[in-house]
Amino acid sequence: MTGELPQNKKDLIVLVADKNMEAAMRSVLTRHESLDVRQLSFDIYVHPYHDPGCRLESHSFLQPFSQNYLFAVVMFDRDGCGDEDSPINELESYVENLLSNHGWNNRSCTIVIDPELESWVWKNSPHVSNSIGWENRLDDLYLWLREHGFIRENETRPSHPKEALEAALRKVKKPRSSSIYSELGAKLSLKNCVDPSFLKLKSHLQSWFSS
């Protein structure tokens, strides 16, 4: 499909819900070898109305860009999008249908992260503890999370990942900032991530931009 489109276009435009998501995606998309894709040219925009804006208005935001990019990705959290009770696939299909009718037919995908971006953060990796101020204390971090009810015994990550991250940062008096997401996006393994939203993103990137 890429070969059928003008070569002076950039590869990808990404519309995200907030600055933290922008920082994470900027780091992830530069790691083309880890994604098993070729090197990408891309731009990332933050919707001014965040998650609800991405859900309801991404088609109107991205329509003016449809002649300048080969493909588009819309990404937002399920929590806070304004329609949390709908299944993930219905939320994604709703946005993708709107995009298809506004200049992006067969050239876009929508990624809804359940429940939120911080789901991608919680991995059993020292990069997590080091990036959030628990340097070289990964075991201590997860013990603390369990002791304070953020992770139950049968869980591998918090059921409320953003709340857990903010509490862990407060514990060590580290400010929450987009730089944390940028660092994690640059360092965490992309090959071992099994979050469905990330796997969907990776699959689409590989189908569009095979290396």
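The values are calculated or read from the model by the stated rules, or taken from the named source; none is laboratory data. All values reported here derive from a predicted model rather than from experimental measurement. Note: ideal-geometry Cβ built from the backbone for every residue, glycine included; neighbour counts use all protein chains shown.
Here are the numbers for this structure:
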| read-out | value |
| --- | --- |
| Looking only at the stretch 98-125, and only at residues there that are in a loop (DSSP other than H, G, I, E, B) and among the charged types (D, E, K, R), the one that is modelled with the lowest pLDDT | K123 |
| Odd one out for E92, checked against (1) out of contact with any Leu (no Cβ under 9 Å at 6 or more places or on another chain); (2) of a type in the set (D, E, K, R); (3) surrounded by fewer than 19 Cβ atoms within 10 Å (Cβ to Cβ) | (3) |
| Qualifying residue in the stretch 148-159 (condition: within 24 Å of T30 (Cβ to Cβ), surrounded by 17 or more Cβ atoms within 10 Å (Cβ to Cβ) and within 21 Å of the chain's Cα centre (by Cα)) | no |
| Extreme residue, nearest to D18 (Cα to Cα), among residues of the stretch 167-184 that are of a type in the set (S, T, Y) and in contact (Cβ under 8 Å) with a residue 40 or more places away in the chain | S178 |
| Among residues of the stretch 126-142, those that are part of a loop (DSSP other than H, G, I, E, B) and surrounded by fewer than 16 Cβ atoms within 10 Å (Cβ to Cβ), counted | 3 |
| Residue identified as within 20 Å of Y94 (Cβ to Cβ) and touching a residue at least 24 places away in the same chain (Cβ under 8 Å) among V37, V28, V14 | V14 |
| Residues of the stretch 95-106 classified as free of Cβ contacts under 8 Å to residues at least 40 places away in the same chain and crowded, with 16+ Cβ neighbours inside 10 Å, total | 1 |
